[in-house]
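Undergrad: Okay, here's the structure, questions in a sec.
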Amino acid sequence: MLDFIIVGGGIIGLSTAMQLARRAPGAAILLVEKEAELAAHQTGRNSGVVHAGVYYEPGSLKARYCREGNAETAQFAAEHGIAFDRCGKLIVATREDELPRFAKLEDRARRNGLNVERIDAAELRRREPHIAGLAALHVPETGITDFPALTRAMAADFIAAGGTIACNTQVLSLEEDPDGINVATNSGVLRTRHLIGCAGLNADRLAAMAGIELDFAIVPFRGEYFRLPAARDQIVSHLIYPVPDPAFPFLGVHLTRMIGGYVTVGPNAVLSLKREGYSTFAFDPRDAADIVRFSGFRRFLAKNFRYGMGELRNSLSRQRYLELCQRYCPELTLDDLQPYRSGVRAQAMFADGTLAHDFLLRRTARSIHVCNAPSPAATAALPIGRHIVDEAAATGFVA
Ligand SMILES: Cc1cc2nc3c(=O)[nH]c(=O)nc-3n(C[C@H](O)[C@H](O)[C@H](O)COP(=O)(O)OP(=O)(O)OC[C@H]3O[C@@H](n4cnc5c(N)ncnc54)[C@H](O)[C@@H]3O)c2cc1C
């Protein structure tokens, strides 16, 4: 009998596993991941940005864990020899009608305890000669790193503390009784006292297997990127972001310096008809049927039809995608948009059609499930893992 099974080899699963192994020395802890390697989905397909915490509702877990995660990620990266660059970011207002939202964002950033600086168009040009805008907000705490490398370092620490990892192991069903949980996988049935679900794009399905009555569903939103040619690697020294629409947790197409030394643009946010599907027309009949059947999605669509169509058009036309980038970087051309990998976000949506903005946990007597861990959850992975281990300890899962 194992003491714990953790499901999911992304950064949330590994952060939780590492901290649980430290908190419960001697416990038998197994992390299972269905892919052949760790960080194969959201964790390995994101923008690599260590967020500072500008956007989030003051007082929310997201705001708090983002701030704490920013500092802890920098420290963890330094201790494990992983690249980290606190390059800072500029949020650029390019149209008069964005200025009221821009002012609100500045206010929110300050309420979240950030030391932001507002600069005018001339100062923006001086700091970033290739970028144009009416005003910009400088956020010095934002950084970039290598999230898959952080995940692998957490895995090494977990194993050093006595934990075990089984890749190529997919959880197929769960059966909980008063003494434990039978976990059926593609390589046999395992028995554990407790289980922690960190299944990202499959979080709702794993929670349903545990018998949790769902008041939400995971709706997958693909984020498509392009990469700039090598000649443009030095085009910016900060990350360049547009002013986002506050109704959505997506931050808009941004110019991102990657830790590998190149620059990407993206991601947009288009509905994906396959949860782990990375090409434009990726389709999975079960995933698509689940979306269409979910009443929350139909309500969401009715309220946000124009937004959805706009994102879809930008996805289908490189010219329209380019126009988004040209708002703040006018010299970019179609030739600058070279192919790059995409990622799919696991976004929890409630039955009334609203998006879950904060982290979301659900539980049974013997299991805890992370049901919404959207951006900035890679940044916030260390505090989120600690929170889950605290929850486990508070309910007597940890002796
Ligand atoms: C396009 C994009 C850009 C983003 N940009 C940023 C950013 O710049 N900064 C930031 O902080 N955050 C960003 N995020 C968010 C961040 O990547 C995620 O919040 C974070 O990676 C979530 O980690 P996770 O471990 O929950 O999920 P994942 O990394 O998706 O891991 C879940 C794992 O569970 C496994 N799994 C699922 N079901 C089962 C099963 N039944 N059995 C076994 N294994 C299973 C999956 O194979 C997967 O490996 C971005 C996300 C996307 C998609």
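The values are calculated or read from the model by the stated rules, or taken from the named source; none is laboratory data. Since this is a predicted model, take the numbers as computed values, not measurements. Glycine also receives a Cβ, built like all others from the backbone with ideal geometry; neighbour counts cover every protein chain displayed. Ligands, DNA and RNA are excluded from the accessible area calculation, which covers all protein heavy atoms including side chains. Shrake-Rupley method; radii C 1.70, N 1.55, O 1.52, S 1.80 Å.
Undergrad: If I go through the range 38-48 residue by residue, how many of them are part of a helix (DSSP H, G or I) and either closer than 21 Å to Ile388 by Cα or in contact with a strand residue (DSSP E or B) (Cβ under 7 Å, 6 or more places away or on another chain) (or both)?
TA: 2
Undergrad: Still on this model: Before we move on, is Glu79 of a type in the set (Asp, Glu), under 20 Å from the mean Cα position of the chain (by Cα) and exposed (fewer than 15 other Cβ atoms within 10 Å of the Cβ)?
TA: no
Undergrad: In addition: Given the conditions (1) within 11 Å of the ligand (Cβ to nearest atom); (2) assigned to a loop (DSSP other than H, G, I, E, B); (3) touching a Leu at 6+ places or on another chain (Cβ under 9 Å), report the number of the one that Glu35 does not fulfil.
TA: Failed condition: (3).
Undergrad: Can I ask one more? Starting from residues that are more than 19 Å from Ala122 (Cα to Cα) and not small (Gly, Ala, Ser), keep the ones in the range 82-95 and report whichever is most open to solvent (accessible area, probe 1.4 Å).
TA: Result: Arg86.
Undergrad: Which condition from (1) of a type outside the set (A, V, I, L, M, F, W, C); (2) farther than 30 Å from Leu239 by Cα; (3) more than 9 Å from the ligand (Cβ to nearest atom) is the one that Arg227 breaks?
TA: (2)
Undergrad: Keeping to the range 51-67, report how many residues are under 15 Å from Thr142 (Cβ atoms) and either of a type in the set (S, T, N, Q) or more than 7 Å from the ligand (Cβ to nearest atom) (or both).
TA: Of the residues in that region, 8 qualify.
Undergrad: Turning to a different aspect of this structure: Going by the structure shown, is Arg222 under 20 Å from the mean Cα position of the chain (by Cα) and within 14 Å of the ligand (Cβ to nearest atom)?
TA: Yes: the conditions hold for Arg222.
Undergrad: If I go through the range 49-74 residue by residue, how many of them are touching a helix residue (DSSP H, G or I) at 6+ places or on another chain (Cβ under 8 Å), outside any helix (DSSP H, G or I) and within 10 Å of Thr379 (Cβ to Cβ)?
TA: 4
Undergrad: Give the range 358-381 a look and list any residue that's over 17 Å from Ala348 (Cα atoms), crowded, with 24+ Cβ neighbours inside 10 Å and more than 9 Å from the ligand (Cβ to nearest atom), or say none.
TA: Scanning the range 358-381 gives a single hit, Ser367.
Undergrad: To continue, here is another question. What are the residues in the range 135-192 that are near the ligand (Cβ under 10 Å from one of its atoms) and either of a type in the set (D, E, K, R) or more than 21 Å from the chain's Cα centre (by Cα) (or both), if any?
TA: Ala166, Cys167, Asn168, Thr169, Gln170, Val171, Leu172, Ser173, Leu174, Val183, Thr185, Asn186
Undergrad: Does Glu123 meet the test of being over 14 Å from Leu255 (Cβ atoms) and in a loop (DSSP other than H, G, I, E, B)?
TA: no
Undergrad: Scan the range 199-219 for residues that are within 11 Å of the ligand (Cβ to nearest atom), over 19 Å from the mean Cα position of the chain (by Cα) and of a type outside the set (A, V, I, L, M) and report the count.
TA: The total comes to 0.
Undergrad: Still on this structure, please answer the following. List pairs: first in the range 44-59 and more than 19 Å from Ala77 (Cβ to Cβ) and open to solvent by 20 Å² or more (accessible area, probe 1.4 Å), second near the ligand (Cβ under 7 Å from one of its atoms) and modelled with pLDDT of 95 or more, Cβ under 6 Å, 6+ apart or cross-chain?
TA: Going by the 6 Å Cβ cut-off, the qualifying pairs are Arg45/Gly343.
Undergrad: Continuing with this model, one more query. Only one of Leu90, Leu105 is farther than 30 Å from Val189 by Cβ and away from the ligand (no atom under 16 Å from the Cβ); which?
TA: Being farther than 30 Å from Val189 by Cβ and away from the ligand (no atom under 16 Å from the Cβ) holds for just one of Leu90, Leu105, which is Leu105.
Undergrad: OK, next. How about the range 242-351: which helices (runs of 4 or more DSSP H) wholly inside it have at least 1 residues that are loosely packed, with under 12 Cβ neighbours inside 10 Å and within 16 Å of the ligand (Cβ to nearest atom)?
TA: Result: 285-293.
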